[in-house]
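Input: a single structure, listed below in structure tokens.
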Amino acid sequence: MELFRNKLINIQLEDSEVPWLKIFTNQPYKEFTDLDKETRDEVIRVWEIVEKEMREFYQPDKINVASFGNYLPHFHLHIMARFKNDSYFPEPMWGKKQREGKLDLPPIQQFLDILIPKL
């Protein structure tokens, strides 16, 4: 689900038990080093805001950031708030499930209501 878009990037919400946003470039760049300076600066600016707001709102045990793009060769970043009692911790969210997660997080919409105006 797309949450935000400007001329350079868009932000999408991943359906997950943990707060998980993805920052995509609007142009089909393959790698981070392919980005022009303006787009690269915008990705970093937005990444910093998303990570900071996730940390303040959710107080996670860790923030995970990943960029794989093996199936989708279009540059994007995954930003996830991770918790020791989520289903996969300490594995990545696409790794081996460790347990049934026991998270009691506020609704994602509360977080988005704070985040989106800051973008």
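Observations
- Residue check, F89 surrounded by 15 or more Cβ atoms within 10 Å (Cβ to Cβ), over 18 Å from L115 (Cβ atoms) and either touching a Pro at 6+ places or on another chain (Cβ under 8 Å) or modelled with pLDDT of 95 or more (or both): yes
- Selection count, segment 19-29, where residues are closer than 16 Å to I44 by Cα and either among the hydrophobic types (A, V, I, L, M, F, W, C) or in contact (Cβ under 8 Å) with a residue 40 or more places away in the chain (or both): 6
- Residue check, F111 surrounded by 13 or more Cβ atoms within 10 Å (Cβ to Cβ), in a helix (DSSP H, G or I), over 11 Å from the mean Cα position of the chain (by Cα) and not hydroxyl-bearing (S, T, Y): yes
- In the set (1) hydrophobic (A, V, I, L, M, F, W, C); (2) in a helix (DSSP H, G or I); (3) under 13 Å from the mean Cα position of the chain (by Cα), L21 fails one condition alone, (2).
- Residue check for G101: surrounded by 13 or more Cβ atoms within 10 Å (Cβ to Cβ) and at positive phi: no
- Tabulated pairs, segment 5-18, first closer than 22 Å to L35 by Cα and in contact (Cβ under 8 Å) with a residue 12 or more places away in the chain, second in a strand (DSSP E or B) and not hydrophobic (A, V, I, L, M, F, W, C), C-beta under 6 angstrom, 6+ apart or interchain: I9/T25; N10/E2; Q12/E2; Q12/K22
- Being more than 27 Å from D104 (Cβ to Cβ) and either without any contact (Cβ under 8 Å) to a residue 24 or more places away in the chain or not small (G, A, S) (or both) is a description that applies to E42.
- Test: residue in segment 72-84 that is farther than 30 Å from Q27 by Cα, free of Cβ contacts under 8 Å to residues at least 12 places away in the same chain and not in a helix (DSSP H, G or I): no
The values are calculated or read from the model by the stated rules, or taken from the named source; none is laboratory data. Quick caveat: nothing in here was measured; it's all calculated off a predicted structure. Note that each Cβ is placed from the backbone with ideal geometry, even for glycine, and that neighbours are counted across all protein chains shown.
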